[in-house]
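Below is one structure, written out as structure tokens; comments come after it.
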Amino acid sequence: MTTRTAFGAATEVAAPTHPAPLPRLVRRLAGEGISWVVVAAGIAVLVAWPIGRLLYEAVRTPGVFHQIWADPEILRAIRGTVVTSLGATAMALLVGGGAAIAFWRLRVAGQQWLTAGLLLPVLVPPFVSALSVTQAYTAAGLLDHLLGIRADWLFGPAGTTLVLGVQQVPIAFLVLAAAIRTRGGADAERAARAAGANPLTCLFTITLPLLRPALLAASALCFIAAASDFGVPAVLAIPARYPTVTTEIYRAMSFSSSGLASPVALSTLLIVVALVVFAVAGRLTNRITATGRHSSPLVVRGRPWHGVVSVVLAGYLLVANVIPFLGLLSVALTRVYGESPVPAHWGLDHLREAVSGAAGGALARSALLSLAAASVLCVAGVLAGSVALRRGGRIVSTLIAIPYAVPGSAVAVAILLAFGRWFYGGLVIIELAYLARFWALAQQPIGAALSHIGPDPMRAARACGASAWRAWWTAIWPSIRPSVFAGWLLVFLTCLHELTVSSLLYVPGKETIGVVVLNAELAGDLAATSAIALVLTLVVLACAVPLFLSRRLRGALGFSAGGMW
Amino acid sequence: MKRTLAAAAAFVAAMGLAACSSGKSSGGSPSAVSTPSAAASSSAAASPSAAASGKITVYAALTSANGKALADAFHASHPNETVEMVTAGTGALVTRMETEAKAGGVRADAILLADPTVMPQLASEGILGSYVPAAASQLPETMKGDGWFGAFNFYNVIIYHTGTTPVPKDWSDLTNPAYKGKIEIGDPSYSGTTLAMAAEVPKLAGADFFTKLKANDVKIVQSTNTVGNDVASGARAVGITLDSVYRPLAKKGSPVQIVWPASGAIPVPAPAGAVKGHEDNPVVKDFLDWLLTSEAQQQLVSLGYAPALGSSNAVPVDAKVVTVRYQDLVSQRSAILDAFKKVFG
Amino acid sequence: MKALRVEELTVRYGTTVALENVTLDVEEGEILAVLGPSGSGKTTLLGAIAGFIDVTAGRIWIADRLVAAAGHSMPIERRGVGVVFQNYGLWPHLDALDTVAYPLRRQGFSRHEARARARELLSRVGLAGLEGRRPALLSGGQQQRVGLARALACKPRIFLFDEPTANLDSGLRAGLQTQIREQQQQTGAAAVYVTHDPLEAFAVADRIAAIRDARLVQVATPREIYARPADEWIARLTGPCAILSAQVIDESTIRIGDAELSGVSLHGFDRDPGEVRLVVRPEWIRIADDGELPLRATVQSVTFAGAETVCLLTTATGPVTARLAGEVDLHPGDAVSWTIVGASVLAASIRPVVTSS
């Protein structure tokens, strides 16, 4: 912000000295156009062509849509997806949004640790989350062994909803925290309190209405992410014979008489859902335009609540994160699967196997892929973020989000159809799939930071005589650098634990760590699966440690996507 | 500035791709995972068809470890021939081949899957070739089809957690209220191996078998692996799963026992075949032929599978095995699933 | 009964002291301006009174009710305050009418009644016809008048104004100040008015509390604080001035350098003759042609300011600013003579200007 005032002050003085001869104007227009062109080309190559090619598969098979709609199961599946995703969204808003609001309004003890804990699910593949929940809570799980507690009702819509909800909590938290930071004027609340509203009235008449756009945006993201997830319903919904769209897609893929057509036609459901949800959310969000200035957060009285919030959140983290992790750990440590997880049965055999064998090379390959994807997507995210700010830019964000809104397997098939002819057989095709799938992930925080900065610093720098590039480098880059790094880290971590895309695209000798995990699962060796998942989670965690250690980076992620740290 | 930025983007993209392709070339070295690094020269095995040499890719629904073991054994008997295995679930491999077929051709030369019911579909899509080894004539009619043959067999059997009483002896025992809330089976909508079970067991244990199982609060999970794990952990006491699921668990010492049902286990062949257009590759022929040699069959037994040909201790001599007509299974698939769904919803 | 009583108030954030031992009263119907530069603690004082901020020590009473003490804090909504914010604090999702009706609804009026009264209040602040507008469609001045109407609707025991005109164009400021003063007078409630602008404080306030580095340094009427600032820092805070060293001879005679000036009206001369420091406001300077008045100077700059002309002089005792009525025929470099007709003696006991916080 210092740059802003510095350059802002300079504007008035230096503006007249900046000549605008015609050639420069032309060059500038061309320069503005270039990022459009690059982003449009990126969308064409990474989104439009593969997704279009995918949809073509369904469209050209006559009757496939009809066949899908005729299947009574599909309506149940749609209902299942809607119910569990809505439930997960509600839960994510309640926990993540509630925490964001509480952290803003109250001095919650251990706020930093609680924040880190709430964000943890970002680092764990949903499949692993669901697996560890079963290993912790269901029959013959950790708690069953220790306390005789078995929550077998977790198999079914309730458990699916809860675990999906836990997975979406970080999204809700980050989006709402960012919104609170940028537009939640503390004065608005103070004014309401001074006008005679008690804290609860204030929450419902002022705070929540003010946050409505952010609540909508968070709901949209959570809903789409939950609807496109397969790992959680695979573990928790299928055993209860509770179909969702993604398990139906999986079923169609495993056992379909119409080849690719039916899974693809099913995937269009999710694409349509994504488009509709984004369109509606965008429209509703636009209605209330932000006028908010930055204002220092209001720390409100209500001291008894501070402790209550800490305890409730800590309890939530214990149930949602810690115990499942211990469940995973207990299975990975127990030498023989099925024996009770007491110290006498512990051994490091599975972990040793997990880190030896193919896992090492696969990890290196995954790291390379993730590194490249994160780096390319940061540039792409900056470009898309700046394009998305301009008039009509919303369509850019929506298009970029499509590959993120469909299951990874659909993206893998789309990329294979679109590029298999030329790039198949190496890591390039997996890389292309990562670029397509996770572009939205990079664009989101970077775009948020860019829109947060606004055009003034850039204009001021230009007015001071800086060339376009230099102005960007000196006035914009220093402010968005933390967010770019946050986006980089987000993409890197997500790619690192990506499972489904690479398992459909790898070739012998080019396994990724995801392939290794799925192979262990295919073998039905839960101990090995748990051990590899554990190692993977720990590696991802280790990579995320800079986030939690560096105050600056915390601020970065907070500034870009959150705002609370 | 945007132009410079674009240039930077292109540069980074190029770097990324370069990094990937360098990974590709290093990964493509002969020491790749599924190829044996040491040339097994002690090839006392039957000398294969003269001068064949080269490398083929097999899409195999095996674990990567088993895939590698099988590839190594083949290479040991055919020193000039190499098999690279792409291992994944049957569904993933089928999806992959269907996609590849539309994007420049299937990359596999041969396939070794775990579900015979996908084979007619692969044939109709022009993916499955026509080569079948001569030795396949020894297989029962039901264990092979057009363009494929069973390289080894799975059997749907009963398993139970050690110590469970009473010990079930046959399919019909599972309707005993003593097992109420303790049984777990696979879901026939996700795999053909379980589809065979869903079709055949009612014929052995009575048409109302699943209705009674439902009354016994049976739990239905997606995969037979899950059944194995849940019975091993004790989450469920009894389950219907595959013998190939049972063996690795038992080998590692998990508390799980197998029961070959008195009225008959349900066999499921693991279909192998050539990919269309690759049938004439001598290495493909050698590999498929080799699968039915006693050497390969013994190798498969050592990996925990029941052989397609010859005897082994994998299946008890007195075990009864029913006959399943896989062509019928495919044509009746939706009827079988509907009947199943009618019971379980 | 005092409308507001603040006693030995201290506010600390961790190790940072935001307010230190502040004691002051506000009478019924009185406007007290809190004047200080940014970061001095004036907004903290307002926040402590309103209940936005917890107090570390000391006590605050509003209308004889204890509202804040260490470990005690009456909820904001029960304090009976009406707050007008620098950034308006309006609610983007509510139109002007519903914004003003909001406190009335909280007071238990029916929706209909609340809206009727809100309509009346809006027309009182000159916003009739704009009831249906949301903040985004109102100008800054209009937004702040909505804020004022809302504060009026609170029927507060005490108004709290937090730099209400700081975000407005200078043209709008005076109008809003007058309006605030008028409306406050009508209700008869007391007010605390935070500002960094001395002219604004002079215009609206009955008394001014000057605050520096978390401490209250002087509380006085506008005239008194202007004419008799307690120290050099307040002298400069409350308007332009020259600080000169002089010898006081008697209550109307001083000596600067070799020149003796008589007929000077000296504020704050209550001590023995001797060396003092004088605060001299620009309008207390007289200028004439060279040689006519006792002191000599060179004109450094001349600035035309409409009704008056501001003249910067270079003198033997330092730079001196003079404010002359009308247009003056002076040019930089001219030699002039000057004298002082009024001055304020700074007490020698006043602390040095720089104090640690």
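The values are calculated or read from the model by the stated rules, or taken from the named source; none is laboratory data. None of the values given here were measured: they were computed from a predicted structure. Note: ideal-geometry Cβ built from the backbone for every residue, glycine included; neighbour counts use all protein chains shown. Ligands, DNA and RNA are stripped out before the accessible areas are found, and what is left, the full protein with its side chains, is counted by its heavy atoms. Shrake-Rupley method; radii C 1.70, N 1.55, O 1.52, S 1.80 Å.
Things to note:
- Size of the protein assembly as shown as Cα extents on the principal axes (Å, biggest first): 135, 69, 58
- Å² per residue, accessible surface of the range A:33-557 at 1.4 Å: 35 Å²
- Efficiency of FRET from Cβ geometry, A:Trp36 and B:Ala207, R₀ 60 Å, rounded to 0.05: 0.35
- Rounded to 5, the percent of DSSP beta bridges in chain C classed as antiparallel: 75 percent
- A simple count of charges around C:Pro282, restricted to other residues whose Cβ falls under 10 Å of its Cβ and scoring Lys, Arg +1 and Asp, Glu -1, yields 0.
- The mean number of partner chain beta-carbon atoms within 10 angstrom of a residue's beta-carbon across peptide A:506-516 is 6.
- Simple label model, 7 Å out from Cα along Cβ direction - C:Ala335 to A:Ala70, nm: 11.4 nm
- Sites A:Ala48 and A:Leu203 - FRET efficiency at Förster radius 51 Å, r taken between beta-carbons, to 0.05: 0.70
- Area buried, chain B against chain A - accessible surface, total, 1.4 angstrom probe, square angstrom: 6200 Å²
- Per-residue mean of C-beta atoms belonging to partner chains within 10 Å, peptide B:54-67: 3
- Within the full protein context, the accessible area of C:Glu163 is estimated at about 20 Å² for a probe radius of 1.4 Å.
- Only protein atoms count toward the accessible area here, which uses a 1.4 Å probe; on the range A:33-557, the carbon and sulfur part of that area reaches 70 percent.
- In the range C:43-80, the residues whose accessible area drops by at least 40 square angstrom when the other protein chains are added to the isolated chain are C:Phe52, C:Asp54, C:Ile76, C:Glu77; the probe is 1.4 Å and only protein heavy atoms count.
- Spin-label model, A:Val312 to B:Ser124: label points 7 Å out along the Cα-to-beta-carbon direction sit 5.6 nm apart.
- Gain on full stretching of the segment that runs from A:Ala158 to A:Gln112 - 0.36 nm per residue minus C-alpha separation: 13.6 nm
- Peptide A:404-413, shielding by other chains (average Cβ, 10 Å cutoff): 1
- Remark: spin-label model distance C:Gln247-A:Arg390 equals 7.7 nm, labels positioned 7 Å along the Cα→Cβ axis.
- Nearest-ten-degree value, helix C:111-124 long axis tilted from longest Cα axis of chain C: 20 degrees
- Interface burial for C against A (accessible surface, 1.4 Å probe, total of both chains, Å², rounded to 100): 2200 Å²
- Difference of contour (0.36 nm per residue) and Cα-Cα distance, C:Thr221 to C:Arg12: 72.4 nm
- For the range B:235-283, residues shielded by at least 40 square angstrom of accessible area compared with the chain on its own, probe 1.4 Å: B:Ala235, B:Lys252
- If R0 equals 22 Å, the separation of the Cβ atoms of A:Leu55 and A:Trp422 corresponds to a calculated FRET efficiency of about 0.60.
- Solvent-accessible heavy-atom area per residue, rounded to whole Å², over chain B at 1.4 Å: 37 Å²
- DSSP beta bridges fully contained in the protein assembly as shown are about 70 percent antiparallel.
- Residue-normalised accessible area of chain C, expressed per residue, 1.4 Å probe, Å²: 43 Å²
- Neighbours of B:Ser189 by Cβ distance under 14 Å: Lys/Arg scored +1, Asp/Glu scored -1, total 0.
- For the range B:138-163, backbone nitrogen atoms closer than 18 Å to the point 7 Å from B:Asn176 Cα along Cα-to-C-beta are found at B:157-163.
- Using alpha-carbon coordinates, inclination of helix C:96-106 to the longest axis of chain C, degrees: 70 degrees
- With a cut-off of 14 Å between beta carbons, the residues surrounding A:Leu416 carry a summed charge of +2, where Lys and Arg count +1 and Asp and Glu -1.
- Overall, the accessible surface of the range B:243-345 at a probe of 1.4 angstrom is composed of carbon and sulfur to the extent of 51 percent.
- Panel note: contact residues of the range B:167-192 (accessible area lowered by at least 50 Å² against the chain on its own; 1.4 Å probe) correspond to B:Tyr190.
- By accessible area, using a 1.4 Å probe on protein heavy atoms only, chain C has 47% of its surface on carbon and sulfur.
- Angle between chain B longest axis and helix B:282-291 axis [Cα atoms, degrees, rounded to 10]: 20 degrees
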